[in-house]
Amino acid sequence: MSGPFRLAEGGTRLDRGRPIGFSLDGKRFTGFAGDTLASALLASGVRLVGRSFKRHRPRGLLTAGPEEPNALLRVERGPGRVDPNSRATLVELVPGLAASTQNAWPSVRFDAGAIFDRFAGHLAAGFYYKTFFRPGWAWHRLFEPAIRRVAGLGRAPEAPDPDRYLHRHVHCDLLIVGGGPAGLRAARRAARAGARVILADERPAPGGGLADTGTAGPRIAGETAAAWLAGLVAELDRAGEVVRLDRTTAQALHPSGYALLLERVSDHLREPDPRLPRERLWKVRPRAVLLATGAIERPLLFPDNDRPGILLAGAARAFLARQAVLPGRDLVVAAFDDSAYAAALELARAGARVHAIVDPRPEPGWAARTAAEAGLRVLAGWAPVGSEGGPGLRAVRLAPLDAKGRPEARGERTIPCDALLVSGGWTPAVQLWAQAGGAVAWDEAAAAFLPTRGPSWLAVAGAAAGARTLGEALAQADRAVDRLLAGLGFTPEAEPLPPIEEPEPARALPPWATPELWRRDPKATFVDFQNDVSVADLEGAVREGFSAPEHAKRWTTAGMATDQGKTAQPTALALLAASSVRPLEELAPTTMRPPWTPTSFGALAGVHRSDLFRPIRTTPLHGWAAAKGAIFEDVGHWKRPTAFPRPGESLEAAVARECRAVRTGVGLLDASTLGAFDVQGEDAASFLERIWTIDVADLPVGRCRYGLVLKDDGTVLDDGVVCRLAPNRFLLSTTTGGAARLHAWLERWAQTEWPELEVWITPVTEGRAVIAVQGPQSRLLLRRAVSGVDLSAKAFPHMAWREGWIGGVPVRIFRVSFTGELGFELHVPASRAEEVVETLERLAPDLEPTPYGIEAMHLLRLEKGYILVGHETDGTITPRDLGLERLLSSKKDFVGKRSLELPEHRSADRPRLVGLLPVDPTALPSVGGQLVERAEPGTPSLGRVSSAGRSPTLGRTIALGLVRADRARPGTRLLVYAADRPAIEVELCSPCFLDPEGARLRG
Amino acid sequence: MLEIPCPWCGPRAEVEFACGGESGPPRPADPGSLDDAAWTAWLWNRTNRKGPHVETWWHQAGCGRWFLLARDTSDDRVLASWPIGATPPPLPEEGA
C-alpha cells in the first residue's frame, strides 16, 4: 500500500491506521503517521531526491538524521508556510505536505545543470576566485548575477510567515543534551538525587541509536533494548523535576553555559491547536551541562561514492526499525566498521537479499563470524571500488585488496544491487563541546577527535566521548553525571550498571585509511556531499598552498554548507593531512558554529517582529502632529514629523513653506525628543565644569550656555545647552540621537572617575514636552499666551530662561534658537503638552503658527551653519576642526582639553568646516561626496560633504563640508565627486550663509 | 551570552549591560602637566591581556550603576565583580 519497499509489519514509530497523502514535485504518494519525508520516499522507491550544489550530480538519501547532506527539499504546509532546505530526514509527515526538489531545472531527473559535471575539471575548488576576479566591474554586472542564477540552495519564501514563535527563559541544575541511553541514564541518576533536570532530545522519541537496533541489538539486564528504554523513560516522566523535551535540538552552547534549545512544537501535528506556537526557543541557564550527543557515521571514499542508493548502514538500520522500510531488495554491505554487520543481519532477517558483505580488514572479528554463521557471504580483505547506474545504483564493483591495500583488478567483481550500505566508523558529535570552549585531541585508536579539557560545569558521555559499546557509554554517563552533581552539591546513591550482552567490536578502518581507493578517481570521490567537494579539490587546495585547515576549508568550501560537513569530518581533515604529508594530530579541526542545524528566522525572532520588533517612542505631541498631517520618520526609536504637507502639496514644497514661515512669521516644532538631564548636588557645577568645554561655574541662575562635550581624545561626543536652574541644579538639553550615549558618559565619569563628587544625574526627557516657537513673530505669539514673564528683549535676553504660565499650565521658557531666528523653547509637563500647543494656535490665528518638521529644521540650521552631531562630526572631529574654538574654556581643565594640544590635532591636514556654494545654484551635492580637485581616478580626496540642501531663503543649493585646513580658503573651487553622478563644482565660503552678525537672533 | 553578576542586582543576562572597556589607571589630576607621551600613554595604552582582565560595566537596563568585573579573556569566564572603590577579590594569575 504505502510503497514497494515497506514491510508488511514492524516499525516502532509507525501508525498504520493513519495513512497520509503527500507530494513530491507534484506527484502524489502515501505514507503513514510516524513516517519522515525521507522514510516515506524511500518506502515509495524514490531514490533521486536532489541535484548536487555545484556539479548537479544526482543524489539520494545518505542518512536518517540531522546530518543529512543530500535530501534538502522545499517543504510547503500551506500559504506562507514554506521551508527551503528542509532535511527530509527530519520532516515528519502530515497531511497535505507538498515537497519539491531544489537545484534542478527543468526537473530533478532531466537537469540541464548536469552539464556542469562534464566540466568537473574546470569547476575545481577555487574556480570562482581564479576565473572571475578580472576585470573588476565584471563581477557585479556580469559574473555574480549569472552565478547566482545557477548556484545557491533553495529559494527564500515570499509570503510572510503566518506562524507564531515563542521564547522561554528557564534555569535548571542540569541540562542533558541527547536522549540516548547515556543521556537517559544520567537524567535518571540526577533526578533521583533531587536535581532539576532538562533533557533535550532531537528525535520524536527517546532512545537514541539504541532505539534503532533490532534483533541484532544488545540485551540489557535480560530485557530487549526497547523494553529497557521504556522503563527508563517511564521513570523519568514520573519524576517531578524533570522536563523531558522531544523534537528539541540544542542549537548552541555558549562558553558561559547559556544554551539555546529549539523545540518543534506543532509541525508534526495533524491538526495543531491554533494556540500553540510553531516552534519554541528555550533560552536555558543551566548550572551544569552533560552532552550525550552521540556519533555520526562516516561514508566511504571510492569512485562514484555519491550515487543514489548508497547510504549509511546505520541509516538503513534506523529506517528498518522505525518505519519498516528497506533501502532496497538486493543489498551489498561495505563494513569498515562492525556496526554494519548488525545492520546486514537485521535487514537480511527482514527479507532483503544481502549479496555480499565486503570488509577491507584482513582479520574478520566477532561480528563478521556471526554474520557468516547466519549464512551471509563475508568477503574479508575486499572493498568497493566503484558504482554503476544512472541515476540510481544498479551495481557495485568489488575487488580484493593485496597486502599493500591495492585493489586487484583481476579479482574485481560486479554485483548487481539496488542499495549499498556503507560504514566507515563513527565520528563523535563534539560540536557543542567545542562551541562551549572544550578542547579536543586526536585519538588514533578511536580514529576521531575526542574531548579532553573543558569547562568544569561541562561533561560528555557515551558515543560523543568515544564509547564503542553500550556498557562503556553507561559507565561514562554515571561517572560524568556524578562529577557534575557533586559540583552542584547533590549526592547520587550508588547504583550498579545493568549486565549487558553485547560483543566487543573490532577496531574500525576509517575511510581515509584506504588511499588506494580514493586515489583511483579523486574527482569522482566525494568528501563533502552537500558542497560537492571531492578528494581532488582537497588535494588541489594543498597544491595551491592552502594546507592549513582554515584555509583549505575556505578554498574548497568543505564543511561550509548548511550541514557544516557533519558527514565530511574528520575525513576532509585527514585527506588534507595525507595530501600535505603531515600527521593528523597536528591539524586543529575548525569549530562548528551555532546553530547545530539550520534554524528558522521566526524562532530566533520570537515575538519580536512587526510592531514588536523594537520599541516605538512617540512624544506627547504625536497625536497633535498626526492631526496636522505630519508624515513621520524614525529617528532612533522615536517617531518624528518629517514635514506637514498639505493636501496636494509635495514634500519639497511643504518643507520650503515651513522654512519661510519660520523666517518670516512663526513656526512650531515638537522638540520633545531632545535629551534632557536634571543634574543636582553640591558638586553639580564642578562636575559639569569638567565635562563641558565651556565655563559653567560662573553661569548665573536664569541663564543658558551652549557648549560641547568631548571625549578625552579631543573629539566631539555631543553638543548641548547647559541651563542653571538653581545654584546646585542644572538642566542639560542635548541631542536626540546622543541622549542615551551621553547618559552613560555622565554616569561613567560621576561613578567611576570622580565618585567623591556629590552629583545626581536624572534623565528627564520623557517627563516633559518641548515646543520650539521660532521666528520673528514668536515673541508676539508668546505675549498673548504667557503670563508672569517679561518677554521683552531687555528683560529676557538670548540664552536666558524664565518660569511662567500658559493658561493653568506651568511652563519653563528658554530663549534658545537652532534656526537663527528669534526663538523660544517651552518646556511643559508631558500630560499638558497638547493643551499648551492648542492654546498657542487658538490665541493667534492671525499669526498662523506653522508646524514644521525635522526636514525644515535641518535646512534652517544649515543656512546658519550650525553643526549637527553625526553629520558634521563622525567621531574623529575636534572643536577646532569645526571652527568652534570660542567654545573652549581657557580657565579650566575639561575632558578632552589636553588632547587638543597634541601636534596631530594641530596639523595642516586636519579637516576644517567650510560652506560650499555650488557654482550651478540648482545642483545639489551628495552628502558623503568626496571633495577633489579633478574628477579623475587617483585624485586624492581633500574632504567630504557633510550636509546639503535647497535653501528656500537663499533660493539656491548650499552645503557644509570638511576640507583639509590648508586648502580651506574662501573662494577655492573644488569638485564634489560621488559614484555614478556627475561631478558638481563648488566654491568654498564661510559656513554661515545667513545673518552672520546674528541680528535676527538677538531681535 | 554571559551571565553578569551585578554587585547590586545579582546575576543578570548580558543584554542588560554595556561594557565600558578595560579599567585603566585613574585620570591624571592635572593633564596639562603631562608631556604628550605620558598623556597619550594614559589615554590609549591598555594591557589587553590574555587571562584575568578587569573591565568597567554599566547596568544600563537595571540599577544604572557602573562597577568592575574581572573576566578571563581566554575562555570568557566571569571571575568576580565588585563596586567601584571596593577592594577587589583575589584573582587567579594569568594562565592559572
Quiz item: Would you call residue B:41 over 30 Å from residue A:436 (Cβ atoms) and either within 13 Å of the chain's Cα centre (by Cα) or within 11 Å of another protein chain (Cβ to nearest Cβ) (or both)?
Solution: no
Exercise. Looking at (1) of a type outside the set (Gly, Ala, Ser); (2) within 24 Å of residue A:64 (Cβ to Cβ); (3) under 47 Å from the mean Cα position of the chain (by Cα), find the lone condition where residue A:397 falls short.
Key: (2)
Quiz item: Picking from A:822, A:757, A:791, A:780, which residue would you name as being of a type in the set (A, V, I, L, M), at negative phi and within 14 Å of chain B (Cβ to nearest Cβ)?
Solution: A:757
Quiz item: Looking at this structure, is residue A:342 over 23 Å from residue A:38 (Cα atoms), under 43 Å from the mean Cα position of the chain (by Cα) and touching a residue at least 40 places away in the same chain (Cβ under 8 Å)?
Solution: no
Practice problem: Return a yes/no flag: does the stretch A:705-715 have any residue that is within 14 Å of chain B (Cβ to nearest Cβ) and among the hydrophobic types (A, V, I, L, M, F, W, C). | Solution: yes
Self-check item: Qualifying positions in the stretch A:667-697 - in a loop (DSSP other than H, G, I, E, B) and either closer than 27 Å to residue A:772 by Cβ or polar (S, T, N, Q) (or both)
Solution: A:671, A:672, A:673, A:674, A:693, A:694, A:695, A:696
Quiz item: Which one of these does residue A:623 not meet: (1) touching a helix residue (DSSP H, G or I) at 6+ places or on another chain (Cβ under 7 Å); (2) modelled with pLDDT of 90 or more; (3) crowded, with 18+ Cβ neighbours inside 10 Å?
Solution: (3)
Quiz item: Hey, among A:444, A:504, which residue is open to solvent by 20 Å² or more (accessible area, probe 1.4 Å), farther than 30 Å from residue A:538 by Cα and charged (D, E, K, R)?
Solution: A:504
Quiz prompt | Single condition residue A:258 does not satisfy, out of (1) within 14 Å of chain B (Cβ to nearest Cβ); (2) surrounded by 21 or more Cβ atoms within 10 Å (Cβ to Cβ) | solution = (2)
Quiz item: Does any residue in the stretch A:649-665 that is in the same structural domain as residue A:779 (by TED's automatic domain parsing) and under 12 Å from residue A:859 (Cβ atoms) come within less than 6 Å, Cβ to Cβ, of a residue that is open to solvent by 40 Å² or more (accessible area, probe 1.4 Å) and charged (D, E, K, R) six or more places away or on a different chain, and which pairs are these?
Solution: A:655/A:855
Quiz item: Tell me, which residue of the stretch A:881-905 that is in contact with a Leu (Cβ under 8 Å, 6 or more places away or on another chain) and within 11 Å of another protein chain (Cβ to nearest Cβ) is most open to solvent (accessible area, probe 1.4 Å)?
Solution: A:897
Self-check item: Among the residues listed as A:370, A:427, the single one being hydroxyl-bearing (Ser, Thr, Tyr), outside any strand (DSSP E or B) and open to solvent by less than 60 Å² (accessible area, probe 1.4 Å)
Solution: A:370
Quiz item: Just checking, which of A:14, A:61, A:24 is touching a helix residue (DSSP H, G or I) at 6+ places or on another chain (Cβ under 6 Å) and closer than 17 Å to residue A:86 by Cβ?
Solution: A:61
Quiz item: For residue A:565, which of the numbered conditions (1) outside any loop (DSSP other than H, G, I, E, B); (2) under 30 Å from residue A:300 (Cβ atoms) fails to hold?
Solution: (1)
Exercise. Among the numbered conditions (1) more than 14 Å from every other protein chain (Cβ to nearest Cβ); (2) modelled with pLDDT of 95 or more; (3) within 30 Å of residue A:176 (Cα to Cα); (4) open to solvent by 10 Å² or more (accessible area, probe 1.4 Å), tell me where residue A:291 comes up short.
Key: (4)
Quiz prompt | Residues of the stretch B:1-14 that turn out to be in a loop (DSSP other than H, G, I, E, B) and at the interface with chain A (Cβ under 9 Å from one of its Cβ atoms), as a count | solution = 2
Quiz item: When the residues of the stretch A:870-880 are filtered to those that are out of contact with any helix residue (DSSP H, G or I) (no Cβ under 8 Å at 6 or more places or on another chain) and open to solvent by less than 30 Å² (accessible area, probe 1.4 Å), which remaining residue is farthest from the other protein chains (Cβ to nearest Cβ)?
Solution: A:872
Quiz prompt | residue A:747 vs. criteria within 14 Å of chain B (Cβ to nearest Cβ), at pLDDT 95 or above and surrounded by 16 or more Cβ atoms within 10 Å (Cβ to Cβ) | solution = yes
Practice problem: Filter the stretch B:15-37 down to the residues that are touching a residue at least 24 places away in the same chain (Cβ under 8 Å) and either in contact with a helix residue (DSSP H, G or I) (Cβ under 7 Å, 6 or more places away or on another chain) or assigned to a loop (DSSP other than H, G, I, E, B) (or both), then identify the one that is farthest from the other protein chains (Cβ to nearest Cβ). | Solution: B:17
Exercise. Kindly indicate which of A:209, A:240, A:217 is assigned to a loop (DSSP other than H, G, I, E, B) and crowded, with 20+ Cβ neighbours inside 10 Å.
Key: A:217
Exercise. Please state which one of A:994, A:974, A:917 is assigned to a strand (DSSP E or B) and in contact with a Ser or Thr (Cβ under 9 Å, 6 or more places away or on another chain).
Key: A:917
Quiz item: Among the strands (runs of 3 or more DSSP E) contained in the stretch A:432-519, which hold 1 or more residues that are of a type in the set (A, V, I, L, M) and without any contact (Cβ under 8 Å) to a residue 24 or more places away in the chain?
Solution: A:448-451
Quiz item: Within the stretch A:24-44, can you find the residues that are modelled with pLDDT of 95 or more and part of a loop (DSSP other than H, G, I, E, B)?
Solution: A:34, A:35, A:44
Self-check item: Test: residue A:375 is assigned to a loop (DSSP other than H, G, I, E, B) and more than 15 Å from residue A:509 (Cβ to Cβ)
Solution: yes
Quiz item: Can residue B:72 be described as within 9 Å of chain A (Cβ to nearest Cβ) and not hydroxyl-bearing (Ser, Thr, Tyr)?
Solution: no
Quiz item: Does residue B:89 satisfy being open to solvent by less than 60 Å² (accessible area, probe 1.4 Å), in contact (Cβ under 8 Å) with a residue 24 or more places away in the chain and more than 14 Å from chain A (Cβ to nearest Cβ)?
Solution: no
Self-check item: Filter result for residue B:61 (within 19 Å of residue A:749 (Cα to Cα), open to solvent by 40 Å² or more (accessible area, probe 1.4 Å) and either outside any strand (DSSP E or B) or more than 7 Å from chain A (Cβ to nearest Cβ) (or both))
Solution: yes
Quiz item: Taking the stretch A:323-367 on its own, how many of its residues are more than 18 Å from residue A:214 (Cβ to Cβ) and in a strand (DSSP E or B)?
Solution: 7
Practice problem: Of all residues in the stretch A:442-458, count the ones that are under 26 Å from residue A:260 (Cα atoms), more than 12 Å from chain B (Cβ to nearest Cβ) and hydrophobic (A, V, I, L, M, F, W, C). | Solution: 2
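The values are calculated or read from the model by the stated rules, or taken from the named source; none is laboratory data. Remember, predicted model here, so these are calculated numbers, not experimental data. Every residue, glycine as well, gets a Cβ built from its backbone with ideal geometry; the counts of neighbours run over all protein chains shown. We work out accessible area using only protein heavy atoms, side chains counted, and drop any ligands, DNA or RNA first. Shrake-Rupley method; radii C 1.70, N 1.55, O 1.52, S 1.80 Å.
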